[in-house]
Amino acid sequence: MTKSEEKPGIPELDLVATKREFIETFFRRGAEFTEELMRDNERLRYRVVQLEAELKAAGGVAADRPGTHENALAGLVARIASLEAERDELLKRYEGVARQSEDFHARYADIERENNNLANLYVASYQLHSTMDLREVTQIILEILLNFVGAKTFAVLLVDEERRAFRVLAAEGIEKARVPVLSTTEGRVADVLRGGAPLFDESRFATRADLERPAIVAPLRIGAQVVGVIVVWDLLVQKTTLQEVDYELFNLLGAHAASALQGAKLTAELAGRAPALWAAADLV
């Protein structure tokens, strides 16, 4: 399902804004601490510049006062010595603070990256279980793959157990009718279906979509049973490799997406015996 094919009545999702709100709420104090450290660093730098200016001015005054003003000159020499000592002390402190600042900056960058990854996982998990509407759950899965993983051309397939075939639940970057017919018994997708282990073909990450050779095949499980797969043919142009958090997102989708779809489908069928999950492809 491309963005132009989104169903009317479904509210537009903004996972990026939700993630930003989560980060601002939970990780603001770390950012404020780093900014305060940077301000202290700048204050020390400014004080060193002031002292150097005072030393220069004091040296000029001393040069203008010949030997008849020995007492004044002695006082200026003492003042210069005091300023130099203060400057040296501040320089030592500044060097120490600068080193700490670099360490804190590196640590802050690592923490910010970890916070961003945590926010992605939290928001993805929360959104998957935030609604019982089948179309909204499906759209959330697409948004996670598009905005958080950086997938470009992909589809979510469910197993039709009666026909031993795949049903296309939704697709992005390709029309549902153009999604290739994939076997449940032969090939890479079938291997994932049987073994339950995801496939990541890194040689395909930086190339154009080849519908005959997917770059990623990730299983969707309910318990120990694989009930569907996410098939990704290519990534966005700026995404040439997967990060650790991307693999975690595929694990999260594998564990939660199918159960979220199942819960939404059962809710949609308020009466009677619910058919198998693959029938949800007819309801989206």
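The values are calculated or read from the model by the stated rules, or taken from the named source; none is laboratory data. None of the values given here were measured: they were computed from a predicted structure. Cβ sites come from the backbone with ideal geometry, for glycine too, and all protein chains shown count toward neighbours.
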Which residues, taken from the stretch 106-138, are more than 30 Å from residue 156 (Cα to Cα) and surrounded by 14 or more Cβ atoms within 10 Å (Cβ to Cβ)?
-> 108, 111, 112
Is there a residue being of a type in the set (Gly, Ala, Ser) and touching a residue at least 12 places away in the same chain (Cβ under 8 Å) anywhere in the stretch 123-140?
-> yes
Output for the stretch 148-180, where each listed residue is of a type in the set (A, V, I, L, M), farther than 26 Å from residue 237 by Cα and surrounded by fewer than 17 Cβ atoms within 10 Å (Cβ to Cβ) = 165
Residue list for the stretch 207-248, filter: small (Gly, Ala, Ser) and at pLDDT 90 or above | 215, 218, 228
Whichever residue in the stretch 206-247 is acidic (Asp, Glu) and over 26 Å from residue 115 (Cβ atoms) and, among such residues, is nearest to the chain's Cα centre (by Cα) | 234
Could you list, in sequence order, the residues of the stretch 231-270 that are under 19 Å from residue 282 (Cβ atoms) and either among the hydrophobic types (A, V, I, L, M, F, W, C) or without any contact (Cβ under 8 Å) to a residue 40 or more places away in the chain (or both)?
-> 257, 258, 260, 261, 264, 266, 268, 269, 270
Give the residues of the stretch 157-194 that are within 31 Å of the chain's Cα centre (by Cα) and in a helix (DSSP H, G or I), sorted by residue number.
-> 176, 178, 188, 189, 190, 191, 192, 193, 194
Does residue 154 qualify as being among the aromatic types (Phe, Trp, Tyr) and either part of a helix (DSSP H, G or I) or free of Cβ contacts under 8 Å to residues at least 60 places away in the same chain (or both)?
-> no
When residues of the stretch 195-207 are filtered for being part of a loop (DSSP other than H, G, I, E, B) and in contact with a Phe, Trp or Tyr (Cβ under 9 Å, 6 or more places away or on another chain), how many remain?
-> 1
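Matching residues to (1) more than 15 Å from residue 156 (Cα to Cα); (2) buried (at least 18 other Cβ atoms within 10 Å of the Cβ); (3) modelled with pLDDT under 90:
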{"site": "196", "(1), (2), (3)": "yes, no, no"}
{"site": "255", "(1), (2), (3)": "no, no, no"}
{"site": "260", "(1), (2), (3)": "no, yes, no"}
{"site": "275", "(1), (2), (3)": "yes, no, yes"}
Among helices (runs of 4 or more DSSP H) entirely inside the stretch 27-143, those with 3 or more residues being at pLDDT below 75 are 28-63, 70-128
